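Scroll down for the structure; my scribbles are underneath it.
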Amino acid sequence: MADTKNFVTTGKPKVGGAVSRAAIGTTLPVNAYAALEPAFKSMGTINEDGVTNENSRTVEDIKDWEGNTVLSPQTEKKDTFKMSFMDSKKLEVLQAIYHSENVSGTLDTGITVKVNAKELETYAWVIDMVTTDGDPKRIVIPRGKITEIGEISYKSGEAVLFESTITAYPDESGNTHYEYLMDKEKADAALNA
């Protein structure tokens, strides 16, 4: 029987929030479909550019006397995720951007943000999406920190964005992130089992 499944896909955000974060040590998901631990907090809306993953390796070419490349050892491996948070009044977003100790209050009582050089915290991150045919895909970053924040623009007619780069660091197994993907029908059956 021929395989009729479409393997070409897009990545749309999971309804209800695609990016979540939690403190290091929170139990991480190990599949594409199970509910997240309550400690994971939604980071709200991501802008239309979605999430970009740059999983790059740098090598250093070693040449012999004649100029021929004879070896190319890896000198760097970097794994980063770029996204722009749109919910610029959401407490969880402000805490991730400015450090949890620098943000206090609530929107109802008034939020205070202190901006300083305090090093940002490392969190566990989960990115949930839906691929073609509704198949769930999940990216789990066990240890990731926002290492770059783009210019913040306050303009009439434009959303305030926190353009962020999350650098993923190796976990105890040496992995910077995990990806889980499953057929929708199988995932639904597993959830209902």
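Values quoted throughout were computed directly from the atomic coordinates according to the rules given, and no laboratory measurement underlies them. Treat the numbers as computed from the prediction; the structure is a model and nothing was measured. In this analysis, Cβ positions are derived from the backbone assuming ideal geometry, glycine residues included, and neighbour counts consider all displayed protein chains.
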Exercise for the section: Would you give the gap between the C-alpha center of the range 79-147 and the C-alpha center of the range 54-74, rounded to a whole Å? Expected result: 37 Å
Exercise for the section: Pop the C-beta distance of residue 113 and residue 48 into the FRET formula with R0 = 22 Å and round what comes out to the nearest 0.05. Expected result: 0.30
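Do any chymotrypsin sites (Phe, Trp or Tyr not before Pro) in the range 5-91 lie in a loop, going by DSSP, with at most 13 other beta-carbon atoms within 10 Å of their beta carbon, and if so which?
On the way: sites: 7, 33, 40, 65, 81, 85; in loops: 7, 33, 40, 65.
Answer in residue order: 7, 65.
Restricting to DSSP loop positions (anything but H, G, I, E, B) with no more than 10 other Cβ atoms inside 10 Å of their own Cβ, which GluC sites (Glu not before Pro) remain in the range 121-158? Before the final figure, lay out the partial values.
Numbers: sites: 121, 148, 151, 158; in loops: 121, 151, 158.
Passing both the DSSP loop test and the Cβ count: 151, 158.
Tell me, in nm to one decimal, what length is gained between residue 68 and residue 152 on full extension, where the rule is 0.36 nm per residue of separation less the Cα-Cα distance? Numbers along the way, then the final one.
Details: separation 84, 0.36 × 84 = 30.24 nm, distance 4.69 nm.
Extending this stretch completely gives an extra 25.6 nm.
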Exercise for the section: Within the range 103-192, report the trypsin sites (Lys or Arg not before Pro) that DSSP leaves as loop and that have at most 10 other Cβ atoms within 10 Å. Expected result: 155
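Taking the range 67-193 on its own, what percent of its Cα-Cα pair distances exceed 18 Å? Could you put the intermediate results ahead of the total?
Working: 5352 of 8001 pairs.
Across the range 67-193, Cα pairs with separations above 18 Å total 67 percent.
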Completion exercise
For the residue 179, residue 61 Cβ pair and Förster radius 35 Å, calculated FRET efficiency rounded to 0.05 is 0.70
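With Cβ to Cβ distances under 15 Å as the rule, what net charge do the other residues near residue 108 carry (K, R +1; D, E -1)?
On the way: positive: 89, 90; negative: none.
Local charge sum for residue 108: +2.
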Exercise for the section: Take the alpha carbon gyration tensor of the range 93-140, find the square roots of its eigenvalues, order them as a ≥ b ≥ c, and report rounded if a/c is under 1.5; if not, report prolate when a/b exceeds b/c, else oblate. Expected result: oblate
